[in-house]
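Coordinate-derived values only; no laboratory data. Predicted, not measured: the structure shown is a model, and the values here were computed from it. All Cβ positions, even for glycine, are placed from backbone atoms using ideal geometry, and neighbour counts span all protein chains on display.
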Amino acid sequence: MNVPEIREVKDLLATLKSKGLVSEWELPYENLLTRRSAAIFFVTPADEGKSIQIWNALEGFKDFSVRTNTERKLSQLRYRITFSAEEKEKNQKSASSVQA
């Protein structure tokens with residue numbers, strides 16, 4: 001399925017990969033998705049030191065959030081990226097409880 005708002009993220013990730021910032025990226029179950037807020041992208045930076053550049057590029061998308069992919073059920077890649085308000089809130093709570 002070709003969903004324009006998902007395609008925008010895919011195009012950006014492809015560009016970041018061509019620039020050497022992203023080593024790999026995936027979008028499992030892409031054919032089932034009808035909106036960006038339901039998508040879960042997975043990314044592994046080419047260099048952990050430059051991961052902030054990836055996150056900065058994705059910040060322009062509404063409700064962007066990122067966390068380490070600890071579950072490794074849908075993908076073996078390092079980070080899980082979402083664009084859901086609920087997921088963003090959950091990730092922020094997890095980050096603040098880790099810092100406390």
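Start at zero, step by 10 Å, and the Cα-Cα distances of the chain spread as 15, 50, 31, 4, 0 percent across the bins. About its Cα centre, region 27-100 has a charge dipole of approximately 120 debye under the convention of +1 per Lys or Arg Cβ and -1 per Asp or Glu Cβ, with nothing else charged.
Calculate, for Glu5 and Arg78, the FRET efficiency according to 1/(1 + (r/R0)^6) with r their C-beta to C-beta distance and R0 35 Å; round to the nearest 0.05. E between Glu5 and Arg78, to the nearest 0.05, is 0.90. Our helix-only sum for the chain, with -39,500 (n - 2.57) per DSSP H run of n ≥ 4 divided by its residues, gives a mean residue ellipticity at 222 nm of -12000 deg cm²/dmol.
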